[in-house]
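Below: one structure, written as structure tokens.
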Amino acid sequence: MSESNVSALVWFRRDLRCTDHAALFHALKQNRRVWCAFVFDSDILEPLPRQDRRVAFIHDSLVELDQGLRELALKAGVPQPERVGLIVRYGSARSVIPQLAGELGVQSVYANHDDEPDAQDRDAQVRGRLSNLGVALYTLKDHVIFERNEVLTGNDTPYGVFTPYKNAWLKKLEPFYVKPYPITPYAGHLAPVPVAVDAMGADHIPTLADIGFEAVGTLKVAPGMSGAQALLDDFLHRIDRYDETRNFPGIKGPSYLSPHLRFGTVSVRHLVDLAWQRVQAGSAGAQTWLSELIWRDFYHQILFHHPHVVGGAYRREYDRIKWAHGAKANTHFQAWCGGRTGYPLVDAAMRQLNQTGYMHNRLRMVTASFLIKDLGIDWRRGEAYFAEQLLDFDLAANNGGWQWAASSGCDAQPWFRIFNPITQSEKFDPQGKFIRRYVPELAALPDKALHAPWLARPADLASADDVVIGRDYPLPIVQHDEARTETLARYAVVSEGKVKASETPRARSPRRAR
């Protein structure tokens, strides 16, 4: 079939940009007419609360993507450029995409890979329904640098330990893998949307109300490609000190780009290329940041090869642990969720999450460790809560991080390593800048008293507006030393009856916004 009579649909999912985009590039290069679509997937969205930061972030990013496609068409001289843009629909993607492909009369649909188990099931159904229409579904790598089977051990098996994976990843890296996909030279193949498919034409993106959601106020992270670029520009002035600043939540250390990586409003190839160039110039900060990007690839290949981690321990023996349950455990869990544990750094982190949809990476480890190893609560409950709250929620990374904290994951911290929330606070927020921001009831306490206020001197409490621990701020809901002893006993079962992780049954992933 010649290029002159081929048309295609690009299905945007977790890749909301019109630059350096694998599926868009291949569709434009291989077809004469190309349309672009996004589906607010009701299978994912219906279970969510009606106010959801991720849905708002997606919506605002779609508005910019729609405009970006139109500008590409205008510059390329496409007829009726005002009718070029996104076709946005609400419904189950399993049926919407085949229906739209039929309406447009395309021969193929292009999308980028999504390795989450539910997404794999969805894509298999869509592929089957498209095949019944005589339409092909092509999916391509875009969300990571190396995926699936691209980085394997010498025995052709997936890595389960990060450091050798990282070394193999770096050995494989070469300019080809970070080269951007050029969209502009082929933008002339963007096609005006037929009136029969979308009578509204330009600038028709459904409002949040149109899809049953409510406004959430101002997002703390600016959405869209422009939001990603602004954050990147700012971070590049700080990247060389990333290794020194990344662990301190009270200062501006991280890139804050994780939501943009999650929703693809920035290209991971572009980020890795920038980091790699800095590394070659001797930047220790860029080297550490590149390592974090490699962790992201690592967790995605773990999810692909071991989908049982969704709902079960990567290392099966850890499913033998008996977690705390009942009324007391539920009360503790609610205190943890609400930032009322009596441990200021833990509480400040949880309040940051609840108020902003973001949590500093060091604090994700601290709060997860506290829930699992101080409160004895199943890591899956914490994973699910983060999945509801995080703007940057990504199943692979969230699951990997929680299983790392629970010691049940690949290359996780040893089960007997238990973070002390007080010493973590003293080390990483020594002046209490972060604590004071999110736990203002303790703001007047001296720095040293902030980390364990129940041990503060009466004079310090009196001088701090007569704050009363137990009234103005809760007493600790557990004693760390006692909890540590209980945790060591709870984890003793992991040395008994070890079972191969591969024998764990496949589980379904939690619902998430895409």
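The values are calculated or read from the model by the stated rules, or taken from the named source; none is laboratory data. Fair warning: this is a prediction, and the values are worked out from it, not measured in the lab. Positions of Cβ are backbone-derived with ideal geometry, glycine not excepted, and every protein chain shown enters the neighbour counts. These accessible areas exclude ligands, DNA and RNA; they are computed on the full protein's heavy atoms, side chains included. Shrake-Rupley method; radii C 1.70, N 1.55, O 1.52, S 1.80 Å.
Things to note:
- Between residue 153 and residue 167, the modelled labels are 1.3 nm apart [label points 7 Å from Cα along Cα→Cβ].
- With both labels modelled 7 Å from their Cα along Cα-to-Cβ, the residue 354 to residue 195 distance reads 5.4 nm.
- Cα gyration tensor, the range 80-146 - rounded (a/c under 1.5), prolate or oblate: oblate
- Highest-first arrangement of 297-303, 74-80, 308-314, 191-197, where packing means the average Cβ count within 10 Å: 297-303, 308-314, 191-197, 74-80
- Using the Cβ-Cβ distance between residue 465 and residue 319 with R0 = 41 Å, the FRET efficiency computed as 1/(1 + (r/R0)^6) comes to roughly 0.30.
- Taking the range 148-269 and dividing mean pair separation by its residue count, relative contact order in percent (alpha carbons under 8 Å, at least six apart): 18
- Overall Cα dimensions of the range 1-117, principal axis frame, Å, largest first: 46, 27, 25
- The Cα trace of the range 266-329 gives Rg and Dmax of 18.4, 56 Å, the first to one decimal, the second as a whole number.
- Nearest-0.05 FRET efficiency for residue 90 and residue 184, computed from C-beta distance (R0 35 Å): 0.70
- Out-of-range pairs (alpha-carbon distance over 30 Å; input 141/171; 220/433; 373/427; 220/427; 141/373; 75/171): 141/373; 75/171
- Taking every alpha-carbon pair under 8 Å whose residues sit at least 6 apart, the range 293-417 reaches a relative contact order of 27 percent.
- Take the chain with all the other protein chains still there, run a 1.4 Å probe, and you get 41 Å² of accessible area per residue.
- From helices alone, the chain scores -13000 deg cm²/dmol at 222 nm; the rule is -39500 (n - 2.57) for each run of n ≥ 4 DSSP H residues, then divide by the residue total.
- Separation between Cα centres of the range 141-208 and the range 457-481, rounded to whole Å: 51
- The portion of the accessible surface of the range 416-492 made up by carbon and sulfur, rounded to a whole percent, is 52 (1.4 Å probe; DNA, RNA and ligands excluded).
- Paramagnetic label zone (point 7 Å from Cα along Cα-to-C-beta, residue 422; backbone N under 15 Å) in the range 331-356: 342-346
- Restricting the range 396-436 to trypsin sites (Lys or Arg not before Pro) in coil, as DSSP defines it, with at most 16 other Cβ within 10 Å: 417
- This structure gives Kirkwood radius over Cα pairs in Å, computed directly, and of (i) 23.3; (ii) 25.3; (iii) 24.6 that value is listed as (iii).
- Cβ charges +1 (Lys, Arg) and -1 (Asp, Glu), total dipole of the range 77-206, debye: 220
- Shape of the range 101-242, Cα gyration tensor, a/c cut at 1.5: oblate
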